[in-house]
1. With Cβ to Cβ distances under 13 Å as the rule, what net charge do the other residues near GLY444 carry (K, R +1; D, E -1)?
2. For the chain, what relative contact order do you get, as a whole percent, if you take Cα pairs closer than 8 Å and at least 6 residues apart?
3. Kindly express, to the nearest 10 degrees and within the range 0 to 90, the angle between helix 387-399's C-alpha long axis and the longest C-alpha principal axis of the chain.
4. Using helices alone, what [θ] at 222 nm do you get for the chain, with -39,500 (n - 2.57) per DSSP H run of 4 or more residues, divided over all residues and rounded to the nearest 500?
5. Using Cα pairs under 8 angstrom and six or more residues apart, how large is the relative contact order of the range 6-271, in percent?
6. List the lysines whose Cα lies under 21 Å from the Cα of LYS78, skipping any in the same chain that are fewer than 8 positions away.
7. For the pair GLU419 and LYS81, how long in nm is the line joining their label points, each one 7 Å along Cα→Cβ?
8. Please arrange ASP427, ASP413 by counting, for each residue, the other beta carbons lying within 10 Å of its beta carbon, fewest first.
Amino acid sequence: MEKLNKTIVETYETYPEKVLQFGEGNFMRGFVDWQIEVMNKLADFNGSVVVVQPRGFEKIEKLNEQDGLYTLYLQGIKDGKAVREHTLIHSISRGLNLFTQYEEFVQLAENPSLRFIFSNTTEAGIAFDETDQLEDRPQKSYPGKLAAFLYYRFKAFGGDKDKGFIIIPCELVENGGKKLKEIVIQFAELWNLGEDFIRWVQEANTFCSSLVDRIVSGYPKETSEEMTQELGYQDDFLVVGEPFHLWVIEGPQWIREEFPAHMAGLNTLFVDDLTPYRTRKVRILNGAHTAMTPVSYLYGLNTVAESVEHPVIGRFIKETIFDEIIPTLDLPLDELTYFANAVLERFSNPFIKHYLLSISLNSLSKYKTRNLPSLLEFVNRKHQLPDKLVFSLAALISFYKGKRGEEEIPLEDEPDCLELVKRLWKDYDGTKESTNKIVHTVLGAEKIWEMDLNEVPGLTDLVTRYLYDIESKGIERAVKTTLQVKAEKGGTQ
């Protein structure tokens, strides 16, 4: 069967390159690039995307072999009915391998049509790396690459303030636009790029924080052969997502005229303050994902849907949401309950195989962003520790041992984090004292948490107890014991 490329597409469409995108992954292709495809068809956006891989280059080269084309399947519950539809996406014009095509990256900055910059480099991606230099080809960090690109733009157009960008990071980072802007200016100062450039960054460019919401499960391993037969071509970048989507962008209303999502019927909102939307989504949806992943995976489950439908893990997830996360939020209870039930319905999507391992990337930083605020606020309001969130933290430490029985777990996180936990587990001897040493060291890693979690009353002891139970009794007995403790406390069922 032929591989997807423009030669086998009847109407291969090309558009001016208006978007630079840092991130080639499943989510960006199933969310941002899909929206651009829809706007091209329904709102005359007339733009395409140039994609840069934040780390590495292998996927970019393979995507170029398909001429940027890929197929998106949207499957799930829409208006109470099961739907399954697919679209061939034309919105990516090309990908750039920064290790071999850096000069083309520099030349792209000279393109007057380029207007938007989007990114999704995980929560750990928006960070300052003082070792990055302007002369690097490429810089290691995403903000370093961005700062360099903005400088090339500034020089190419002589500081013309009409040639700035609308920059919208899609990472789940609070005030992501503001933080990204601050880091770019840090690089400008580190590299001595001058006050004129700093002023241009501040005045000619619009940095917007944003909130993204769509479950994109990625390449459909189990149904790929069936889909390939249905499509009639081989697509290595086939991606599956749910119909639901929400993009909340904190920025001026005039952006709507340049990014006319509303004219294409898309659920993309431009607001003055996305805080209420962000807190609700990150704490409930993303927080449930991160809390369930180590527990479910160690239990022997592999997908989100399996986890929610499982009699034990499903109960664990629901109690985490309704008993420990919702009580820390300030929106009306009926609104939070409605959203939580909708999230559980989305998790149960019968079409999507959302693999837990795909969620596990950078789990420590995700726990810090998504779950730690709920844990700390629960302690603040209830004057006690939330059992399930604490148990999840213990399971996460166990998960980072890198073993599920005899099976290796492919861990992906910052090298320093992985090395720390690996070293601790290497010295583990199965005793409570050894367990406590692991917990105390991990909780005290301020580089991960930006605080010493051992200072949270009782947290070290409870994480130690749960981790010891997981290691000595097994995850199944440990989870059931935790649920029983909650039942004895008379919590909400």
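None of the figures in this text is laboratory data; all of them are computed from the coordinates on show. Predicted model only: the values in this text are computed from it and were never measured. When we count neighbours, we look across all protein chains shown, and the Cβ atoms used for this are built from the backbone with ideal geometry, even at glycine.
1. Numbers: positive: LYS437, LYS447; negative: GLU446, GLU450, ASP452, GLU455.
Net local charge, GLY444 excluded: -2.
2. Numbers: 816 pairs, mean separation 62.7, N = 493.
Averaging sequence separation for qualifying contacts and normalising by length gives 13 percent for the chain.
3. Result, in degrees: 70.
4. Working: 23 runs with 224 residues, N = 493.
It lands at -13000 deg cm²/dmol.
5. Details: 502 pairs, mean separation 56.4, N = 266.
Once normalised by length, the contact order is 21 percent.
6. LYS78 reaches LYS281, LYS353.
7. 5.7 nm
8. Working: ASP427 9, ASP413 21.
The most exposed by this proxy come first: ASP427, ASP413.
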